[in-house]
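Below is one structure, written out as C-alpha cells, with a few remarks after it.
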Amino acid sequence: MTRLEFEFCESFPEKPTPGVLYISTTFATSMHICCCGCGHQAVTPLRPNRWSITFDGEAVSLAPSVGSAGLACRSHYFIRRNEVVWCRDLSLDEVTRGQVRDGWQQAETSKDAPPPRRPWSRLRSLFR
Ligand SMILES: [Zn+2]
C-alpha cells in the first residue's frame, strides 16, 4: 500500500476499510489498518506529545512515524500528504552504532580503534 485516503469521522467504523486513515476530532484519535496488509489496527492518539495530523486542504500527514513498537508486524512508515513512506526498521545494532557515531565523532581517531567509553555514555543512553 502506498497511498491512503482519509476520512474525518465522529467515531471509527466497526470494519475499517484498509487504505483509509480515519480521523476522529471528537475523540482526538486517528486510526488506520496497517499499511503492510497484516490487518492490524494502528491507533494513533492525537495529543501534543503523541501524534499530530496535518491537513493542508488536500492531503493529510501524520507525525511522527507509525510502527515498530506499536505494531506486531514491525512495520515502520510515515504518512506524508496521503503517501505511505516506508522506513527501514532500526535494528538494535544500528541504534547502538548511531549512539556511538553521535557521541564519539570528535574523539574518534581511527575506525579500527573505537575510543573508550566515557562514564556518562551509559547514563545518556537511558534517555534515548
Ligand atoms: Zn502490518
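No lab work stands behind these numbers, since they all come straight from the coordinates. Since we're looking at a predicted model, the values are computed, not measured. Quick reminder, even Gly has a Cβ in these numbers, built from the backbone with ideal geometry, and neighbours come from all protein chains shown.
Among residues of the range 26-57 being in contact with a Cys (Cβ under 8 Å, 6 or more places away or on another chain) and over 16 Å from Asn82 (Cα atoms), the one that is farthest from the ligand (Cβ to nearest atom) is Gln41.
Against the criterion of being within 13 Å of the ligand (Cβ to nearest atom), out of contact with any Gly (no Cβ under 9 Å at 6 or more places or on another chain) and not polar (S, T, N, Q), Val60 does not qualify. Counting only strands (runs of 3 or more DSSP E) that sit completely within the range 25-76, those holding 1 or more residues that are farther than 16 Å from Phe8 by Cα correspond to 41-45, 60-67. Going by what's in this entry, would Thr26 be described as hydroxyl-bearing (Ser, Thr, Tyr) and touching a residue at least 12 places away in the same chain (Cβ under 8 Å)? Against the criterion (hydroxyl-bearing (Ser, Thr, Tyr) and touching a residue at least 12 places away in the same chain (Cβ under 8 Å)), Thr26 qualifies. In the set (1) aliphatic (A, V, I, L, M); (2) closer than 12 Å to Phe6 by Cβ; (3) within 16 Å of the ligand (Cβ to nearest atom), Ile23 fails one condition alone, (3).
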